[in-house]
Amino acid sequence: MSRETPSYIAVEGPIGVGKTSLARRLADTFNAELILETPEDNPFLERFYHDPRGAALPTQLFFLMQRVRQLAALRQGDIFKPVRVADFMVEKDRLFAQVTLDDAEHGLYEQVYEQLTLDAPKPDLVIYLQAPVEVLLERVARRGRSYERLIDSAYLHRLSEAYAGFFYHYEDAPLLIVNAGGIDWVNRDADYQQLLDFMRGMGAGRHYFNPLPFAM
């Protein structure tokens, strides 16, 4: 970002890590078009949390189709907002599928995924947020969504491991890996500004942002 603002920024990470709040701030900063997940629109999601085995496949297929539609609409977005910021990548759906589906379901899912994502746009910058599972649990509880009340530490641990494995090998775009456990870009402007300044100095490749917390 040291030369020009990326035209498509994707913020990723496990449930509760702060993707949406960071994406909103970035969109405001860059006067960008904001593309957000809408998990509350998935009619299978609450059923999944009550019955993970029985509802995993329809939950994942709904999310996959929803995200593919959103990314397709990105190509037709507001021409006066040349920067787009999303709080997801389409690849995330594949990570969740690996965690939640059995072998037979996963084989079917992969066939659908390959067909639907052939022309998915690639971000110009990916921001991958990490935080300890106990921090994720605290943040999930704090936001108080009814359909998330059954999320447990074992599920978040599996998701975090899946994300770590994926981004360990990720090379499709410049990647910023952020230790988000001790910073708060919603309530502390200094935290956000420190991250933004770091982003603006980035070049190509992989970068790590692991700040010391500001004194209170």
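What follows draws every value from the coordinates through simple rules; no lab data is involved. Note that this is a predicted model, so its numbers are computed, not measured. Using ideal geometry, Cβ is built from the backbone for each residue, glycine included, and neighbour counts are taken over all protein chains shown.
Counting only other residues whose beta carbon sits under 9 Å from that of Leu64, what net charge do I get with K and R as +1, D and E as -1?
On the way: positive: Arg67, Arg94; negative: Asp93.
Here the charged neighbours net out to +1.
Taking 20 °C and 1.002 mPa s as the conditions, I'd like the Stokes-Einstein D for segment 8-209 in µm²/s, using the Kirkwood hydrodynamic radius from alpha carbon pairs.
Estimated diffusion coefficient is 122 µm²/s.
Would you kindly derive the ³J(HN,Hα) couplings of segment 171-180 from the backbone phi angles with the Karplus curve 6.51 cos²θ - 1.76 cosθ + 1.60 (θ = phi - 60°), listing them in order in whole Hz, with x for Gly and Pro?
9, 7, 7, x, 10, 10, 9, 10, 7, 9
If one takes the longest principal axis of the Cα atoms in the chain, at what angle in degrees, from 0 to 90 and to the nearest 10, does the Cα axis of helix 153-168 lie?
60 degrees
Net charge around Tyr128, counting only other residues with Cβ within less than 14 Å of its Cβ (Lys, Arg = +1; Asp, Glu = -1)?
So the surrounding residues net to -3.
Return the whole-Å distance between the Cα centroid of segment 87-160 and the Cα centroid of segment 25-78.
After rounding, the separation between the Cα centres reads 11 Å.
Can you give the net charge of the other residues whose Cβ lies under 13 Å from the Cβ of Gly54, counting K and R as +1 and D and E as -1?
So the environment of Gly54 carries a net charge of -2.
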